[in-house]
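The values are calculated or read from the model by the stated rules, or taken from the named source; none is laboratory data. Treat the numbers as computed from the prediction; the structure is a model and nothing was measured. Virtual Cβ from ideal backbone geometry, glycine too; neighbours counted across all protein chains shown. Quick note on the areas: whole protein, heavy atoms, side chains included, nothing else; ligands and nucleic acids left out. Shrake-Rupley method; radii C 1.70, N 1.55, O 1.52, S 1.80 Å.
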Amino acid sequence: LTTIATGAAWVVWWCVVAFTNPESIGWEGFALFYLALFVAVAGSATILGLVARRRNTDRVAFVRIAIRQGILVGIAVVAAVFLQARALFTWITMLFLVASLTLGELFWISLATQHARPSLPHAQPTGT
């Protein structure tokens, strides 16, 4: 299912690039361009992540990780293309983008480890 959706997104993105004039399309055309690019890149990165982790025994965990990282790669690529289209893509913005996505990934990892760990019972004060 992911492969079919990713392939369809690449076809839609290619059609937008090949058959539209960027000077005459409205915001809907640009939204379709960036949305199709995001779905295509995120799907491709997810599939690559699934292939790279295929020997992992905890399938649910590695599917979640692959999807999360695929989405982050999709965000990075779309943000880079968006910034480049507006002549704002420099090495500083790239560093900021990578740092922001890295912090986002670390945030999600910390949330996942907090929920996976059982909480310790709180010590009760002794009355002596």
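Taking the full set of protein chains and a 1.4 angstrom probe, give the accessible area of SER24 in square angstrom, rounded to the nearest 10.
For SER24, solvent-accessible area is about 90 Å².
Quick one: 3J(HN,Hα) in Hz for region 73-85, Karplus 6.51/-1.76/1.60 with θ = phi - 60°, rounded, Gly and Pro as x.
The phi angles translate into 5, x, 4, 4, 5, 5, 5, 5, 5, 4, 5, 5, 5 Hz.
Under a plain spin-label model, where a point goes 7 Å from the Cα along Cα-to-Cβ, how far apart in nm are THR113 and TRP14?
4.3 nm
Given the protein chains as shown and a 1.4 Å probe, how many square angstrom of TRP14 are accessible, to the nearest 10?
The accessible area comes out at roughly 140 Å².
At 1.4 Å probe size, put ARG64, ARG53 in order of accessible surface, largest to smallest.
Ranked list, largest accessible area first: ARG64, ARG53.
Not counting ligands, DNA or RNA, and with a 1.4 Å probe, what is THR113's accessible surface area in Å² rounded to the nearest 10?
Surface accessible to solvent at THR113 totals approximately 70 Å².
Considering amide H positions built from the backbone, and no H for Pro or chain starts, which residues 5 or more places from PHE89, or on another chain, come under 5 Å of its amide H?
Counting only residues 5 or more places away or on other chains, the set is GLN84.
Enter the angle in degrees (range 0 to 90, nearest 10) between the Cα long axis of helix 27-52 and the first principal axis of the Cα atoms of the chain, meaning the one along which they spread out most.
With both axes taken from Cα atoms, the answer is about 50 degrees.
Nearest 20 debye, what's the magnitude of the dipole of the chain about its Cα centre given +1 on Lys and Arg Cβ and -1 on Asp and Glu Cβ?
Taking the Cα centre of the chain as origin, the dipole is about 540 debye.
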